C-alpha cells in the first residue's frame with residue numbers, strides 16, 4: 001500500500017523507504033526509476049541524507065537545488081548532501097541508479113569526516129556534472145555490485161566509499177583542472193555567493209550585502225551570475241528564499257507566522273505578499289495543495 005505523505009514531518013529518505021518496504025534502520029537505500037514512479041513528490045523538499053546518483057537516459061530534466069537549475073540528462077552524476085532544498089521540475093523518468101546514505105554507514109570503518117571534504121555535497125558546490133562513457137561505465141559497475149550485495153550490510157560501506165572516491169576523482173579531473181587548482185573568477189564568485197546566500201539569507205536579502213562580502217559591486221555581481229547561472233543576483237536570492245518557504249510549508253507543521261520569522265521577514269503580511277508575487281498563490285493555498 002502506498003504511504004501517504006505526512007506533511008507534518010515529511011522526510012524523503014524515510015518516505016521512499018516506506019514506499020519500497022525497506023528497513024528504516026539500515027543507513028543506506030538504493031533507488032532507481034521504479035522507486036520514484038508512484039512517489040509524486042513534486043514540491044521542494046529538504047534533504048536529510050547524502051545522495052549520489054548516475055543517469056543512463058534522459059533528454060534533460062531540470063533538478064533545482066536552492067535556486068540553481070541543473071539540466072540532468074544521460075551520463076550525469078548527481079550529488080546532494082543534508083540540508084539542501086531540492087525539487088524535480090517535471091516528471092523524473094530517466095533510467096538511473098542512486099544511493100542515499102547517512103554518515104552512520106561508515107561507523108566502524110573510518111571516520112565519516114571525509115565527507116566534509118567533498119564540496120559537491122554542500123551549498124556552493126557543483127551538484128551535477130557530465131561524465132564520459134568510460135566514467136559512466138565505471139560508476140555503473142559499482143552500482144551493479146552494490147545492488148548484487150545490497151543484502152550484505154558488511155559489504156556496502158566499502159562499495160559506497162569506492163563510489164565516493166570515483167566521484168571525487170571525476171570532479172578533480174573536470175575540465176582538466178587539478179584539485180584545489182585554478183577556476184575562473186566568475187565560477188569562484190558564483191560558488192562563494194551561493195554559499196553565502198545559504199548561510200545568511202534570513203538576515204540579508206539585499207544584493208549589496210553579498211557584493212560587499214565579495215568586495216565587488218552589485219552590478220558586477222549580477223553580471224557574473226547572469227553569465228554563470230542565467231539569472232541576476234536579486235532573482236537568485238528571491239527564488240532561494242521561496243524554495244526554503246515551500247519546503248517549510250510542505251515538510252513541517254510550523255505555522256505561517258513561525259515560517260515568516262524563520263525566513264527573516266518582518267511580519268506575515270510582508271511574507272505573504274512576497275510569496276504571492278513570486279508564486280501567484282498564497283502560503284496558505286500552497287500548503288493545502
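Numbers below:
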quantity: Criterion violated by residue 105 - all others in (1) loosely packed, with under 13 Cβ neighbours inside 10 Å; (2) over 22 Å from residue 228 (Cβ atoms); (3) at pLDDT below 95 satisfied; calculated: (1)
quantity: Residue that is surrounded by the fewest Cβ atoms within 10 Å (Cβ to Cβ) [pool: residues in segment 121-139 that are touching a residue at least 12 places away in the same chain (Cβ under 8 Å), outside any loop (DSSP other than H, G, I, E, B) and more than 10 Å from the chain's Cα centre (by Cα)]; calculated: 133
quantity: Selected residue (criterion: farthest from residue 88 (Cα to Cα)) from residues of segment 140-156 that are over 22 Å from the mean Cα position of the chain (by Cα) and touching a residue at least 24 places away in the same chain (Cβ under 8 Å); calculated: 153
quantity: Residues (exposed (fewer than 15 other Cβ atoms within 10 Å of the Cβ) and farther than 26 Å from residue 120 by Cβ) located in segment 186-214; calculated: 203, 206, 208, 212
quantity: Condition broken by residue 90, with the remaining ones in (1) modelled with pLDDT under 90; (2) more than 30 Å from residue 10 (Cβ to Cβ); (3) within 17 Å of the chain's Cα centre (by Cα) satisfied; calculated: (2)
quantity: Unmet criterion (only one of (1) in contact with a helix residue (DSSP H, G or I) (Cβ under 8 Å, 6 or more places away or on another chain); (2) at pLDDT 90 or above) for residue 5; calculated: (2)
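Conditions tested, residue by residue: (1) in the same structural domain as residue 96 (by TED's automatic domain parsing); (2) more than 24 Å from residue 74 (Cβ to Cβ); (3) in contact with a helix residue (DSSP H, G or I) (Cβ under 7 Å, 6 or more places away or on another chain); (4) modelled with pLDDT of 95 or more.
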{"residue": "136", "(1), (2), (3), (4)": "yes, no, no, yes"}
{"residue": "140", "(1), (2), (3), (4)": "yes, no, no, yes"}
{"residue": "145", "(1), (2), (3), (4)": "yes, no, yes, yes"}
{"residue": "153", "(1), (2), (3), (4)": "yes, yes, no, no"}
{"residue": "159", "(1), (2), (3), (4)": "yes, no, yes, yes"}
{"residue": "162", "(1), (2), (3), (4)": "yes, no, yes, yes"}
{"residue": "165", "(1), (2), (3), (4)": "yes, no, no, yes"}
{"residue": "208", "(1), (2), (3), (4)": "no, yes, yes, yes"}
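Here is a yes/no grid of residues against (1) in contact (Cβ under 8 Å) with a residue 12 or more places away in the chain; (2) more than 10 Å from the chain's Cα centre (by Cα); (3) under 29 Å from residue 238 (Cβ atoms):
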residue	(1), (2), (3)
34	no, yes, no
41	yes, yes, yes
62	yes, yes, yes
65	yes, no, yes
81	yes, no, yes
85	yes, no, yes
98	yes, yes, no
103	yes, yes, no
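The values are calculated or read from the model by the stated rules, or taken from the named source; none is laboratory data. On a predicted model such as this, the values are computed, not experimentally measured, just so you know. Glycine gets a Cβ as well: all are built from the backbone with ideal geometry, and neighbour counts include every protein chain shown.
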